[in-house]
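A.B. asks: I am attaching a structure below and will ask some questions about it afterwards.
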Amino acid sequence: MSSNHVNPKVKKFIVDNRDNFERELLIQAVTVNDRIEEILRIGNIDLIDNAHKLVAFVIEAKEDELKSFAKREGIAWAKHSLTLAFKLEWVSAIRRTLWDFIEEYIQVNTDDFTLKDFFVLEKKINSRLDHFLNAFFISYSSYKDQEIIAQKNIVQNLSVPIIPITRTTSILPLIGMLDYYRTTVIQEKVLTEISRLHIQTLILDLSGIEDMEHEVIDNLSRVIEGTKLMGCQTVITGLRPDVVRKMATLGIRFEGETKTLGTLQRALQSYL
């Protein structure tokens, strides 16, 4: 046998028995059968056709094609949120089926194989299948990581919705829960947007915030101090009584030049 390629007679045996290979594969992957049509519909992923491609790349020693195929598969499975456990089961079934066919060939053609030939073949095939899985998992994970980063950026932008209302005045309405992480994001985004939009007055509306912990109030104070250092005045609106009482109890005060108004409407009347 050549140093890279599988015995061409073995390859021909597998190609000539393509239909039998499919039937055996579906028997090996019994739990996958019910989802073949679903996966084809959801992600346009043809499991049977892809199984034949994988086997062909493996037995023909097409390393570059195998790696590219694994990357494409990883992206497709990640994009459509198909499970890794399902993929592992499918590739394991392909591996078992391929070896069943090789065993069948060897039993009929014992003269074509020595014991050494068999072990060399075992290393080639299993190594290539493992390389396929490794490239697949890396591609899958990279796509998911990029997806998480993109979603995180979307969440951050939604959580800090700075809205320009004049050339120099913007509103930052905050809604929902405020925690240490979110106020840190707010600080970074506010300072960036003040510079980018040349904001001179930032109306910080807190009417959508029901409660704030000590460290959150402290962080907001730092946001206000930062805006001042950048030449921007902060106007706070909508402070709820519970938050004001907590600030008084904790002895926390906003920066001296910070204005506070009861409602966002009053602020808009003053600055529009």
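The values are calculated or read from the model by the stated rules, or taken from the named source; none is laboratory data. Small disclaimer: the values here were computed from a predicted structure and weren't measured. Cβ placement follows ideal geometry from the backbone for every residue including glycine, while neighbour counts extend to all protein chains displayed.
A.B. asks: When the residues of the range 193-235 are filtered to those that are polar (S, T, N, Q) and within 23 Å of L268 (Cα to Cα), which remaining residue is modelled with the lowest pLDDT?
C.D. replies: Looking at the filtered set, the residue picked out is S221.
A.B. asks: Are any of the residues in the range 117-130 within 18 Å of P8 (Cβ to Cβ), in contact with a helix residue (DSSP H, G or I) (Cβ under 8 Å, 6 or more places away or on another chain) and surrounded by fewer than 15 Cβ atoms within 10 Å (Cβ to Cβ)?
C.D. replies: Yes, the conditions are met somewhere in the range 117-130.
A.B. asks: Would you please name the residue that is nearest to L40 (Cα to Cα), looking only at residues in the range 55-81 that are assigned to a helix (DSSP H, G or I) and of a type in the set (D, E)?
C.D. replies: E73
A.B. asks: Which one of I149, I138 is closer than 30 Å to V10 by Cβ and within 33 Å of the chain's Cα centre (by Cα)?
C.D. replies: Exactly one of I149, I138 is closer than 30 Å to V10 by Cβ and within 33 Å of the chain's Cα centre (by Cα), namely I138.
A.B. asks: Same structure again: So if I check each of T263, T237, T258, which one is within 16 Å of I199 (Cα to Cα), touching a residue at least 12 places away in the same chain (Cβ under 8 Å) and in the same structural domain as L202 (by TED's automatic domain parsing)?
C.D. replies: Of the residues listed, the single one that is within 16 Å of I199 (Cα to Cα), touching a residue at least 12 places away in the same chain (Cβ under 8 Å) and in the same structural domain as L202 (by TED's automatic domain parsing) is T258.
A.B. asks: Within the group D211, D218, which residue is in the same structural domain as G251 (by TED's automatic domain parsing), in a helix (DSSP H, G or I) and either of a type outside the set (A, V, I, L, M, F, W, C) or buried (at least 21 other Cβ atoms within 10 Å of the Cβ) (or both)?
C.D. replies: D218
A.B. asks: Next question, about the same structure. Testing I149 on (1) in a helix (DSSP H, G or I); (2) touching a residue at least 12 places away in the same chain (Cβ under 8 Å), one condition comes back false. Which one is that?
C.D. replies: Among (1) in a helix (DSSP H, G or I); (2) touching a residue at least 12 places away in the same chain (Cβ under 8 Å), I149 violates only (2).
A.B. asks: Name every residue in the range 195-205 that is in contact (Cβ under 8 Å) with a residue 12 or more places away in the chain and either on the phi > 0 side of the Ramachandran plot or under 32 Å from the mean Cα position of the chain (by Cα) (or both), in order of residue number.
C.D. replies: Across the range 195-205, the qualifying residues are S195, L197, H198.
A.B. asks: For the range 221-243, how many residues meet the condition of being within 40 Å of the chain's Cα centre (by Cα), in a helix (DSSP H, G or I) and not basic (K, R)?
C.D. replies: 9
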